[in-house]
Amino acid sequence: MDIVVKGRKTEVPERFRKHVAEKLKLDKIQKLDGKVISLDVEVSKEPNPRQADRSDRVEITLRSRGPVIRAEASASDPYAALDLAADKLEARLRKQHDKRYTRRGAGRLTAAEVADHVPGVATLNGNGAAVPEEEPDAVPTKKIGSLEIKGEGPLVVREKTHVAAPMTLDQALYEMELVGHDFYLFVDSETKEPSVVYRRHAYDYGVIHLNTDPMVAQGQPPSTGGALGG
């Protein structure tokens, strides 16, 4: 595996490329994640003189068979930005490594996940019980949430239920960056209500909070949910 260094609207000197190779030790990274596929480093420069203290930005993207991990940092020069981003990357790699091996054990799967990884086995539900196969000539029936649908219905590719501990907004943003997704669903530790953080334009983030509709308790039709955007 090689490290790909590229510049966005800026030139990358050879000296900096050598510094990247010295800073990002591949053998150390592969010890924390043995399934690494690629490692990209992108350097960009902010031309606004008012932002001279963080004019140089470095983003490191690590792709493997697991979730994509990104780490980014800005500083007054690219070398300092690289050092900050590399430290963030190592911290996130260690967190993912420790979570994988301490919570679930080395390579163990839950009963509900076996069908996704081992072909030819029976499909299991969230409680580990076998899901009976549909008769070939019968009209297929499936249950989505509280709805029971016969025949063709809404296309639901996958449905998952997770047990989540309440967390702060900062923790949710950190987890979203760790898995490399554009949004992250979590339970707000202050309101105890479901919320979503999502990536907006450039490097901004947005957050949507859901509150229980008081009209439901009065027997009125519930209001519709919000959509990501804006």
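DSSP loop (so not H, G, I, E, B), at most 16 other Cβ within 10 Å: list which GluC sites (Glu not before Pro) in the range 6-95 pass both filters. For GluC sites (Glu not before Pro) across the range 6-95 that sit outside H, G, I, E and B with at most 16 neighbouring Cβ atoms in 10 Å, the list reads 11. Taking amide hydrogens as placed 1.01 Å from N in the peptide plane, the amide H of residue 180 sits under 5 Å from those of 70, each at least 5 positions away in sequence or on another chain. Across the range 192-199, coupling constants 3J(HN,Hα) worked out from phi with the 6.51/-1.76/1.60 Karplus curve, θ = phi - 60°, read 6, 10, x, 9, 9, 9, 8, 8 Hz, and Gly and Pro carry x. What's the carbon and sulfur percent of the range 1-82's accessible surface, probe 1.4 angstrom, rounded to a whole number? On the range 1-82, the fraction of accessible area on carbon and sulfur atoms equals 46 percent.
Of all beta bridges DSSP finds with both residues in the range 1-79, what is the antiparallel percent, to the nearest 5? Can you show the working numbers first?
Working: 16 of 22 bridges.
Of the beta bridges lying entirely in the range 1-79, close to 75 percent run antiparallel.
Using a simple spin-label model with pseudo-atoms 7 Å out from Cα toward Cβ, residue 11 and residue 187 lie 5.6 nm apart. In this structure the amide hydrogen of residue 205, modeled in the peptide plane, comes within under 5 Å of the amide hydrogens of 200, none closer than 5 places in sequence on its chain. For residue 10, neighbours were defined as the other residues whose beta-carbon sits under 15 Å from its Cβ, and their charges (Lys and Arg +1, Asp and Glu -1) total +1. Around the amide H of residue 5, modelled in the peptide plane, lie the amide H atoms of 41, all under 5 Å away and 5 or more residues distant in sequence or on another chain. Taken along the Cα-to-beta-carbon direction at a fixed 7 Å, the label points for residue 141 and residue 19 span 6.7 nm. The residues packed around residue 188, meaning those with a beta-carbon under 15 Å from its beta-carbon, carry a net charge of -3 if Lys and Arg are +1 and Asp and Glu are -1. Each other residue within a Cβ distance under 10 Å of residue 57 adds +1 if Lys or Arg and -1 if Asp or Glu, for a net charge of -2.
Here the Karplus curve 6.51 cos²θ - 1.76 cosθ + 1.60, taken at θ = phi - 60°, turns the phi angles of the range 9-19 into couplings of 6, 7, 8, 10, x, 4, 4, 5, 4, 5, 5 Hz, with x standing for Gly and Pro.
Phi angles across the range 56-65 convert, under the Karplus curve 6.51 cos²θ - 1.76 cosθ + 1.60 with θ = phi - 60°, into 3J(HN,Hα) values of 9, 10, 10, 10, 10, 10, 10, 10, 9, 6 Hz, Gly and Pro given as x.
Cross-link check: pairs 31/99; 35/99; 6/95; 35/95; 23/88; 9/45 evaluated at a Cα-Cα cut-off of 19 Å; pairs beyond the cut-off: 6/95.
The values are calculated or read from the model by the stated rules, or taken from the named source; none is laboratory data. Note that the structure is a prediction, hence the values are computed from the model and not measured. Cβ atoms come from the backbone with ideal geometry, glycine included; neighbour counts cover every protein chain shown. Calculation scope for accessible area: heavy atoms of the full protein, side chains included, ligands and nucleic acids excluded. Shrake-Rupley method; radii C 1.70, N 1.55, O 1.52, S 1.80 Å.
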